[in-house]
Amino acid sequence: GGPGRAAMPTPGNTAAFRAALWTNMEKLMDQICAACGQVQHLQKVLAKKRDPVSHVCFIEEIVKDGQSDILYKFWTAVTQTLSSQFQSATDSSMFLKQAFEGEYPKLLRLYNDLWKRLQQYSQNIQRNFNTSGTTDLFAELQQMEEDTQDIFMQKNEDYDPEKALKDSLQQYEAAYLSKSLSRLFDPINLVFPPGGRNPPSSDELDSIIKTIASELNVAAVDPDLSLAVAKNVAKTIQLYGVKSEQLLSTQGDASQVIGPLTEGQRRNVAVVNSLYKLHQAVLKVITSQSSFPAAAEQTVTTALKAVRDLMGSAVQPLLNSVGDSVEAIIITMHQEDFSGSLSSSGKPDVPCSLYMKELQGFIARVMSDYFRHFECFDFVFDNTEAMAQRAIELFIRNASLIRPLGEGGKMRLAADFAQMELAVAPLCRRVSDLGKSYRQLRSFRPLLFQTSEHIASSPALGEVIPFSIILQFLFTRAPPELKSPFQRAEWSIARYSQWLDDHPSEKDRLALIRGALEAYVQSVRTREGKEFAPVYPIMVQLLQKAMSALQ
């Protein structure tokens, strides 16, 4: 530090100086290891040897001075020296500070190797002592072992020797992690400039992924460092999510389903595709890590789940719009006439109703105009399959409410049931994957032509098709005096449908139906009628069966 002292290293000589630094660090570790071995050996010998005259064990002489565990004393001295010497060396040399901070994983690896060697040496020395010497000496040694445990072999409650060693590294680890976070954040801040409108290109995304992979690979020398860097990677994924979310269009044109893709919708598709690519690429990086700690994997996976959630909320406005339009089209079936009788040929005049044609055209157009542009097919199908299930539920609900329903109307409605499978096909991988909704669609169609008695004993009842739907359907076979629940409440079908959505429990729905049946009994009694409609006792019986199934 005096006047005229040369700067270390001299410019142009950095590489050689750095190489020499790491070589010397390795030598230092060798020296520490050798010295610990000597002290360990000394402690074992002191515990074994006795004074030939007084027969007092040498270690007992030292115990009198309160120095029973000389290895522990030596180790605390070594670790404290390391801490203070590193501190003063890096304080006085910028070069050393940069080397330790920038190549911290290398430094950590040296420490880990030293710790492994010390443990290995302890095991060997234990084995050698246990196998040599007479049995009484061995018993004596066992006793001594219990008094002074070897600190490299096991931790104490209040002293962790490995932690004592690594404490000297803390400041370099903190600096390394801070620089690592900057390296991860920089490419993201670069590709999302303020006021930018587009998500990163494939090449830009590749550079972000390469940085993530490189940081995780370098940190793989140590599980704790891996976890710390994984937390940085999680923050990086979050930053990418926040920047992407700012690009999303949330204006009205983002959810329109009338015309072609708008500018906002196009950008939303690009953002979702970019999030998807990031998700898949990071997933690939963490699965290719050979010894990735479970906690580190969990940290990154949680951040990736947030990316999936963001993709979901980005497409939600569009999904809602499509869902609303599908519902609006299905409900127009009540504007068509299903009361007609059978034509002379016994076949329906048209292959399917007008609303069904419109529904098929709309769904096919939505898939090709909007959803075809998403590259994450599985993600899209996960969302559109839920929409297909909802469409089938609404179709069956509205079909069961059609009144009056003639023989010709039944034929046409049956054709609509078959066409419904074709209508929702573009929304799913396979229609049969829709599970319960698909089984309901298949099971309901034959009921159109069965007698009320047959329907009441159908095995599909309660199992596949809810009782409330069947009871709703049986109202169509009753005289006008037996009003459907929505007619009795003087609701429109749209309002009734909304009520059913708000009351998904079968119990509430059956209570409403029971109210309609009781009102009918009341009206018959008021006009002093002699008998009830033939379908009434069947409906009452079904209602009782449904109520007992709920118990």
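The equivalent ellipsoid that matches the C-alpha gyration tensor of the stretch 16-125 spans semi-axes of 37, 15, 10 angstrom, in descending order. The distance between label points at Q119 and A294 comes to 1.8 nm (points 7 Å beyond Cα on the Cα→Cβ vector). Note on the stretch 488-551: percent of Cα-Cα distances in each 10 Å bin, starting at 0 and stopping at the bin with the largest distance, equals 18, 43, 33, 6. Label-to-label distance, F17 versus T287, with points set 7 angstrom from Cα along the beta-carbon direction: 4.7 nm. Per-residue surface analysis assigns Y536 an accessible area of about 40 Å², computed on protein heavy atoms at 1.4 Å probe radius. Across the cross-link table entries K357/K410; K116/K305; K27/K284, which are compared at the Cα atoms, the separations over 27 Å belong to K116/K305; K27/K284. Gain on full extension, evaluated as 0.36 nm per residue between F377 and D253 minus their Cα-Cα distance, stands at 42.3 nm.
Counting only protein chain heavy atoms and rolling a 1.4 Å probe, the accessible areas of K284, K436, K166 rank, largest first, as K284, K436, K166.
Computed over the stretch 416-517, the alpha-carbon pair-distance distribution with 10 angstrom bins reads 13, 38, 39, 10, 1, each value a whole percent.
With a Förster radius of 45 Å, plug the Cβ-Cβ distance of I70 and L239 into 1/(1 + (r/R0)^6) and report the FRET value to the nearest 0.05.
With R0 = 45 Å, the Cβ-Cβ based efficiency is 0.30.
The simple Förster model, with R0 at 30 Å and r as the Cβ-Cβ distance, assigns Q450 and S341 a FRET efficiency of 0.95. Compared with the alpha-carbon gap, the fully stretched path from E60 to Q38 is longer by 6.0 nm at 0.36 nm per residue. Summarising the label geometry, the points placed 7 Å from Cα in the beta-carbon direction at Q98 and V53 lie 6.4 nm from one another.
For the residue pairs K44/K64; K73/K97; K507/K545; K106/K277, the alpha carbons lie more than 21 Å apart in K73/K97; K106/K277. Multiplying the residue separation of Q87 and R183 by 0.36 nm and subtracting their alpha-carbon distance yields 32.0 nm.
The aspartates and glutamates within cross-link reach of K179, meaning a Cα-to-Cα straight distance under 12 Å and a gap of 8 or more places when in the same chain, are E101, E103, E215.
Its convex hull of Cα atoms gives the chain a direction-averaged projected area, equal to a quarter of the hull surface, of 45.4 nm². Hey, what number do you get for the chain at 222 nm if only DSSP H runs of n ≥ 4 count, each worth -39500 (n - 2.57), divided across all residues, to the nearest 500? After summing the helix terms and dividing by residue count, I get -23500 deg cm²/dmol.
The local environment of E518, defined by Cβ-Cβ distances under 12 Å, has a net charge of +4 under the rule Lys, Arg +1 and Asp, Glu -1.
In the P(r) worked out for the stretch 176-312, what percent of Cα pairs fall beyond 21 Å?
42
Over the stretch 336-449, the alpha carbon radius of gyration divided by the compact-protein estimate 2.2 N^0.38 Å works out to 1.16. Computed with a 1.4 Å probe over protein heavy atoms only, the accessible surface of the stretch 176-312 comes to 48 Å² per residue.
The values are calculated or read from the model by the stated rules, or taken from the named source; none is laboratory data. None of the values given here were measured: they were computed from a predicted structure. Cβ atoms come from the backbone with ideal geometry, glycine included; neighbour counts cover every protein chain shown. We work out accessible area using only protein heavy atoms, side chains counted, and drop any ligands, DNA or RNA first. Shrake-Rupley method; radii C 1.70, N 1.55, O 1.52, S 1.80 Å.
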